[in-house]
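A short write-up of the structure that comes next.
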Amino acid sequence: MSELVLAAFAAETGSHVVREPSGERFRRFARRFDEPAFRARLTELEVRWLGRSALGFPRALGAIFDPPVGIFVRGDGPLELLDRPAVALVGARSCSPYGAHVARAFGRELAAAGLVVVSGLARGVDGEAHRGALEAGGTTVAVLGCGIDRDYPAAHSELARRIAATGLIVSEYAPGVEPAPWRFPARNRIIAGLAAATVVVEARERSGALITADLALEEGREVLTVPGDITSALSEGTNRLLRQGATAATSSADVLEVFGLEPAGTEPPELGADAEQVLSRLRDGPCAVDQLARALDLDAGRLAAALAELELAGAVSEASGLYRA
């Protein structure tokens, strides 16, 4: 039985299929399924299909307890990307500025060191992880919880286009399948399955990112979590993982150590004296402009110039009025 017919049946019936159904409904569908026409439609959409039994199916994904019957893939990256050392970066959709900053920095630094960054294209941590990888000129893979022909959320269509230009977008769902709440936990097992390690950046107590972490643990994969503010609901899930024994990821170097890699060497930017002074203060923790002005005794013009210099050099970022090194 063709694995493609199983994926097509799942799309038509709105069901989750990982093995051949035994009912008459499936047998009737299989008898009338036009595989050449379905494959021709995939070609029109520039979508590739990798069945679970295909030689090119990702080995790590094929090793999980319930691998998909196959995956639909779009993007200009080679399929071999799916077998390269990969790390999953996941977390809250409604993340804090801190979570967004860490996700982007980790995505950038892990991709620069040669890892493929895998995430789910969602708002918040996922999107920032993808953007960080792209900033480093690295490779990132987005896993969808809907049909392969959809960019979800629609607000991330441009991000999806950038990912597909050098990397891959993956889904177990055929073209035309609408997003549904139950599809995202199923999607998470593919994110965890493609990666040797999963990093949870920020997560509430019932976050879907914790499902990804649990799935990774069940498969014997490494799970790391970024410590968070103990007073924030956005850190309840990540801090619980730490209590349960997850490895703390206090920098990208902690993640790279799992893979036996070193951080990519970068030349420190040449900065003026004011910018060096501001950067030194921000390394102690995030600050608002007025806090910096009081701490450093710089007038408004010199401080604005120093911050602009640091932002252009990629040494600091700003979110919600706070600057971070």
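The values are calculated or read from the model by the stated rules, or taken from the named source; none is laboratory data. Treat the numbers as computed from the prediction; the structure is a model and nothing was measured. Using ideal geometry, Cβ is built from the backbone for each residue, glycine included, and neighbour counts are taken over all protein chains shown. Remember, those area values only see protein heavy atoms, side chains included, never the ligands or the DNA or RNA. Shrake-Rupley method; radii C 1.70, N 1.55, O 1.52, S 1.80 Å.
If you filter the stretch 189-205 down to residues that are over 13 Å from the mean Cα position of the chain (by Cα) and modelled with pLDDT under 95, you find that the one that is surrounded by the fewest Cβ atoms within 10 Å (Cβ to Cβ) is E205. Taken over the stretch 264-283, the criterion of being surrounded by 14 or more Cβ atoms within 10 Å (Cβ to Cβ), at pLDDT 85 or above and not acidic (D, E) is satisfied by A275, Q277, V278, L279, R281, L282. Restricting the stretch 290-325 to residues that are open to solvent by 30 Å² or more (accessible area, probe 1.4 Å), in contact with a Leu (Cβ under 7 Å, 6 or more places away or on another chain) and part of a helix (DSSP H, G or I), the residue that is farthest from A275 (Cα to Cα) is A293. Mind listing whichever residues of the stretch 137-150 are outside any strand (DSSP E or B) and open to solvent by less than 40 Å² (accessible area, probe 1.4 Å)? Listed by number, the residues that qualify are G138, T139, L144, G145, C146, I148. Of the strands (runs of 3 or more DSSP E) that lie entirely inside the stretch 1-96, those containing 2 or more residues that are over 15 Å from V141 (Cβ atoms) and open to solvent by less than 60 Å² (accessible area, probe 1.4 Å) span 48-51. Being under 28 Å from V199 (Cα atoms), in contact (Cβ under 8 Å) with a residue 60 or more places away in the chain and not aromatic (F, W, Y) holds for only one residue in L256, L279, L241, and it is L256. Can you name the residue in the stretch 103-121 that is open to solvent by less than 10 Å² (accessible area, probe 1.4 Å) and assigned to a loop (DSSP other than H, G, I, E, B) and is also nearest to A315 (Cα to Cα) among such residues? Ranking the candidates gives L115 first.
Report whether or not A249 is touching a residue at least 40 places away in the same chain (Cβ under 8 Å), under 26 Å from D66 (Cβ atoms) and within 18 Å of the chain's Cα centre (by Cα). Judged against the criteria, A249 is not a match.
Confirm whether R161 is over 16 Å from V90 (Cβ atoms) and assigned to a loop (DSSP other than H, G, I, E, B). Answer is no for this residue. Restricting the stretch 1-55 to residues that are among the aromatic types (F, W, Y) and out of contact with any Leu (no Cβ under 9 Å at 6 or more places or on another chain), the residue that is nearest to D149 (Cα to Cα) is F9. When the stretch 117-147 is filtered for residues that are among the hydroxyl-bearing types (S, T, Y) and under 8 Å from the mean Cα position of the chain (by Cα), the ones remaining, listed by number, are S119, T140.
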